[in-house]
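J.: Sharing a structure here in C-alpha cells format.
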Amino acid sequence: QVQLVESGGGLVQPGGSLRLSCTASGSIFRINSMGWHRQAPGKQRELVAVISSGGSTNYADSVKGRFAISRDNARNTVYLQMNSLKPEDTAVYYCNMRIIGRDTVDYDPWGQGTQVTVSS
C-alpha cells in the first residue's frame with residue numbers, strides 16, 4: 001500500500017556534504033513523523049534525526065550542528081542534509097515514516113537503505 005524510496009548516498013571526502021532524500025508513494029492519507037536512521041558495520045541501528053508533522057526536529061548528539069532534516073509535504077519527501085562529514089558517519093542510512101493510509105491502517109515503512117561512505 002505504501003513504500004519509501006531513498007536516493008543520494010555515495011562516496012565523499014571528510015569535510016564534504018551529501019543530501020539524502022526519501023519519497024513515499026501509495027495510498028496515503030497523512031504522513032506524521034519522518035526520520036532517518038543509520039547502521040554502521042558491526043553496529044546497532046541508531047536514530048539520526050526525526051521531524052514531526054509540525055516541523056519540530058530532534059537530532060542525535062553526534063550529528064547536531066552538522067546535519068539538518070527537512071520535509072516537503074507536497075512531495076511526500078524527507079531530506080537529510082549532511083555537512084562536515086566525518087569517517088564516523090559512514091553507514092547505511094534508512095528513512096522511516098509514520099503513515100496513515102486511505103484504508104485507515106497505520107503503516108511504518110522503511111526505505112531500502114542508501115550507503116554513505118566518508119573516506120579520504
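The values are calculated or read from the model by the stated rules, or taken from the named source; none is laboratory data. Just so it is clear, the structure is predicted and the values come from calculations on it, not from any experiment. Note that each Cβ is placed from the backbone with ideal geometry, even for glycine, and that neighbours are counted across all protein chains shown. Accessible surface areas use protein heavy atoms only, side chains included; no ligands, DNA or RNA. Shrake-Rupley method; radii C 1.70, N 1.55, O 1.52, S 1.80 Å.
J.: When you check residue 71 against the structure, is it more than 14 Å from the chain's Cα centre (by Cα), over 17 Å from residue 113 (Cβ atoms) and not aliphatic (A, V, I, L, M), yes or no?
T.: Values: more than 14 Å from the chain's Cα centre (by Cα): no; over 17 Å from residue 113 (Cβ atoms): yes; not aliphatic (A, V, I, L, M): yes.
No: the conditions fail for residue 71.
J.: Quick check on the range 82-110: of everything there that is of a type in the set (S, T, N, Q) and in contact (Cβ under 8 Å) with a residue 60 or more places away in the chain, which residue is least open to solvent (accessible area, probe 1.4 Å)?
T.: Taking the range 82-110 and keeping what is of a type in the set (S, T, N, Q), we get 83-84, 90, 96, 104.
Among the residues that remain, those that are also in contact (Cβ under 8 Å) with a residue 60 or more places away in the chain are: 83-84, 96, 104.
Values: 83: 60, 84: 64, 96: 17, 104: 112 Å².
It comes out as 96.
J.: Being under 13 Å from the mean Cα position of the chain (by Cα) and without any contact (Cβ under 8 Å) to a residue 24 or more places away in the chain, is that true of even one residue in the range 40-49? Step through it out loud before you land on a result.
T.: Within the range 40-49, the subset under 13 Å from the mean Cα position of the chain (by Cα) is 45-49.
When the remaining residues are screened for being without any contact (Cβ under 8 Å) to a residue 24 or more places away in the chain, the result is 46-47.
Within the range 40-49, one or more residues are under 13 Å from the mean Cα position of the chain (by Cα) and without any contact (Cβ under 8 Å) to a residue 24 or more places away in the chain.
J.: Do we have residue 79 as open to solvent by less than 50 Å² (accessible area, probe 1.4 Å) and in contact with a Leu (Cβ under 7 Å, 6 or more places away or on another chain) here? Please lay out each step first, then the result.
T.: On the way: open to solvent by less than 50 Å² (accessible area, probe 1.4 Å): yes; in contact with a Leu (Cβ under 7 Å, 6 or more places away or on another chain): yes.
In short, yes.
J.: Anything in the range 1-17 that is assigned to a strand (DSSP E or B) and either open to solvent by 30 Å² or more (accessible area, probe 1.4 Å) or of a type in the set (Phe, Trp, Tyr) (or both)? List them, or say none.
T.: Going through the range 1-17, the residues assigned to a strand (DSSP E or B) turn out to be 2-7, 10-12.
Correct list: 3, 5, 7, 11.
J.: Taking the condition of being more than 17 Å from residue 100 (Cα to Cα) and either touching an Asp or Glu at 6+ places or on another chain (Cβ under 6 Å) or not in a strand (DSSP E or B) (or both), how many residues in the range 43-89 meet it?
T.: Counting residues in the range 43-89 that are more than 17 Å from residue 100 (Cα to Cα) and either touching an Asp or Glu at 6+ places or on another chain (Cβ under 6 Å) or not in a strand (DSSP E or B) (or both) gives 19.
J.: Tell me, which residue of the range 22-38 that is open to solvent by 40 Å² or more (accessible area, probe 1.4 Å) and without any contact (Cβ under 8 Å) to a residue 60 or more places away in the chain is farthest from residue 115 (Cα to Cα)?
T.: Taking the range 22-38 first, the residues open to solvent by 40 Å² or more (accessible area, probe 1.4 Å) are 23, 25-27, 29-30, 32-33.
Narrowing the set further to residues that are without any contact (Cβ under 8 Å) to a residue 60 or more places away in the chain leaves 23, 25.
Details: 23: 17, 25: 22 Å.
The selected residue is 25.
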